[in-house]
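All remarks here apply to the structure that follows.
The values are calculated or read from the model by the stated rules, or taken from the named source; none is laboratory data. No experiment lies behind these values; they were computed from the predicted model shown. All Cβ positions, even for glycine, are placed from backbone atoms using ideal geometry, and neighbour counts span all protein chains on display. Quick note on the areas: whole protein, heavy atoms, side chains included, nothing else; ligands and nucleic acids left out. Shrake-Rupley method; radii C 1.70, N 1.55, O 1.52, S 1.80 Å.
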Amino acid sequence: MAALHIPSELRPIAAIFSQSGYRCFLVGGAVRDLLMGISPGDLDLATDATPQQVTSLFRRVIPTGVAHGTVTILFQGGQYEVTTFRTETTYSDGRRPDSVAFASTIDEDLSRRDFTINGIALDLNNGHVVDPFGGRDDIHRRVVRAIGEPDQRFGEDALRLLRAIRFAVKLGFSIDEDTLAAVRRAADSIARISAERVRDELTRMILSPDPRRALRLLRDTQLLEHVLPELTRGIGVPQDGSAAPDVFEHLALSTEGAPADRLDLRLAALLHDVAKPDCLQEQEGALLFYGHDESSATIAEGVLRRLRFPNRLIARVCHLIRHHMFHYTDEWTDSAVRRFLARVGGENVEDLFALRVADRYGKIGRHTPDPMLDELRGRITEMTARRDAVSVADLAVNGSDLMTAGIPSGPAVGTTLRFLLEAVMDDPNQNNRARLLEIARRFYEDRLNVEQ
Ligand code: ATP
Ligand code: MG
């Protein structure tokens, strides 16, 4: 068998195992990456030593999942998951094994793994590659293929349905025909998988280099109906002025157009028009989607909550979706730009613009210059440099100033501050203490303190 370059940090670890008479293999994604010439991510190890034996070999060991045979060793600044050889056991619920059984050989351990490209091991003591299922050939041919009988493997653990797509889009591989047919047949069983596990796979697909292909594969295998049913409604729903044939494709393409290192922006792009099918109206031959920004934000919130995304992320994504329909023209007055900033929040402007860039990409299929967006950005930059007030916090007076000036504490203070902000957004020259207190007194006397 061919020898492969062993990451040098693993040599002393392998030596410790072999000095005590144990085997030690690099397994999983790291072997696949090394064979592909990619620098590996997590270095996961497999051994015939039991978790207790591994624990006795190293000074610092965390019992990460002893019940599943896994411990984490901390060694010379690195972290390594070490799992005792295991066999595939029965998954009567299709989501987790009923029990875990240890195995005595690496071949048995590899046979429980999902895809041939993930079922290769590198013997750290002699550099030999152990590849019982033709994983190297499949890497060479760039194909994701289930180990053994695909129907059975997906029956054991339905998460593998999503993993097949995830690896295909992450690596740019095709999915073997029999494996893909089995994914289709088993699609309904994904309903048994917990929202958190589904979320983690979807996240990796969405952050992959080809989220559009992931979404198409989800659609074509009918997994989409289970994991993102809201998106299926946009299939076949047309939209004007777009190269994408339907709302679904527009969303998939927009996701691709959002930065690959930003989950919030990719999710916002994915869901920004999700309510369009509900809002569709035809007027004089034109397609209109009134209110789809607000409705899409509402649906997006439901999707992301169901998938148990963190609340902060959900709030960000929905905020961007809610505000994505701004239509800047050079006729906007400065005061209109300030009101836009006040609504969106200065800290969100660049992200909202990134969503707009993704949205345009989702219509045209490539990035194109957007002079209007650049102009709006330029005006905002000037206003920010001038420190124009766009929130109550930017005013030259605060609530206690108003109370000192005679406005009673309570809701009147907030109402007055908001009125002052409106006045200052119309005319920034008014943002000085004397002027604002004068406006505040008059506003309070005329509008708030009216005897009924
Ligand atoms: P990545 O580089 O994306 O982390 P990976 O191959 O390391 O890819 P992991 O999800 O970290 O993927 O899993 C590590 C290894 O464990 C896989 O390569 C595979 O051999 C095995 N594995 C993980 N989950 C499953 C599963 N649900 N069924 C079978 N084998 C699995
Ligand atoms: Mg991994």
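Run the simple label-point estimate for ASP178 and SER39 please: 7 Å along Cα→C-beta, distance reported in nm.
3.8
Using +1 at the C-beta of Lys and Arg and -1 at the C-beta of Asp and Glu, which of ALA258, PHE58, ALA158 has the Cα lying farthest in the positive direction of the dipole of the chain?
Going by the Cα projections, it comes out as PHE58.
At a 1.4 Å probe radius, carbon and sulfur cover how many percent of the accessible area of the chain?
Accessible surface attributable to carbon and sulfur in the chain totals 49 percent.
I'd like to know which of SER335, VAL129, GLY241 lies farthest towards the positive end of the charge dipole of the chain, counting +1 on Cβ of Lys and Arg and -1 on Cβ of Asp and Glu.
Selected residue: VAL129.
Could you give the angle, 0 to 90 degrees to the nearest 10, between helix 311-322's Cα long axis and the longest principal axis of the Cα atoms of the chain?
50
Based on alpha-carbon centroids, what's the gap between the stretch 9-69 and the stretch 288-329 in Å, whole number please?
Taking the Cα centre of each part, the stretch 9-69 and the stretch 288-329 sit 44 Å apart.
Under 8 Å for C-alpha pairs, at least 6 residues apart: give me the relative contact order for the chain, rounded to a whole percent.
About 9 percent, as a whole number.
If I model a spin label as a point 7 Å beyond the Cα along the Cα-Cβ vector, how far apart are those points for GLU382 and ARG141 in nm?
Label at GLU382, label at ARG141, 6.3 nm between them.
In whole Å, how far is the Cα centre of the stretch 341-410 from that of the stretch 156-186?
The distance from the Cα centre of the stretch 341-410 to that of the stretch 156-186 comes to 44 Å.
Express the accessible area of the chain per residue in Å², computed with a 1.4 Å probe while the remaining protein chains stay in the model.
47
State, as an integer percentage, the relative contact order of the stretch 229-388 based on alpha-carbon contacts under 8 Å between residues 6 or more apart.
The value is 27 percent.
For the stretch 8-140, what is the relative contact order in percent, using Cα pairs closer than 8 Å and at least 6 residues apart in sequence?
24
Treat every Asp and Glu Cβ in the chain as -1 and every Lys and Arg Cβ as +1, leave all other atoms uncharged, and give the resulting dipole magnitude about the Cα centre to the nearest 20 debye.
Approximately 860 debye in magnitude.
Using just the helices of the chain, give the 222 nm mean residue ellipticity in deg cm²/dmol: DSSP H runs with n ≥ 4 each add -39,500 (n - 2.57), and the total is spread over all residues, rounded to 500.
-14500 deg cm²/dmol
What's the FRET efficiency of LEU280 with ALA405 using the Cβ-Cβ distance as r and R₀ = 51 Å, to the nearest 0.05?
The value I calculate is 0.45.
Which residues does the label zone of GLU294 cover in the stretch 314-332, counting backbone N under 13 Å from a point 7 Å along Cα→Cβ?
Hits in the stretch 314-332 for GLU294 at 13 Å: 322-323.
Could you give the angle, 0 to 90 degrees to the nearest 10, between helix 371-386's Cα long axis and the longest principal axis of the Cα atoms of the chain?
The angle comes out near 70 degrees.
Rounded to the nearest 5, what is the percent of antiparallel bridges among the DSSP beta bridges in the chain?
That works out to approximately 80 percent antiparallel.
Run the quick spin-label model on GLU350 and ASN311: label points 7 Å from Cα toward the beta carbon, then report their separation in nm to one decimal.
Result for the modelled spin labels: 2.7 nm.
Fully extended, how many nm does the chain gain between ALA396 and SER99 (0.36 nm per residue separation, minus their Cα-Cα distance)?
Full extension from ALA396 to SER99 adds 100.2 nm.
Length gain on complete extension for the stretch ARG442 to GLN52, per 0.36 nm per residue less the alpha carbon to alpha carbon distance?
Separation in residues times 0.36 nm, less the Cα-Cα distance, equals 132.6 nm.
Looking at the stretch 385-452, which GluC sites (Glu not before Pro) are DSSP coil and have at most 16 other C-beta atoms within 10 Å of their C-beta?
Loop-located and lightly packed - GLU451.
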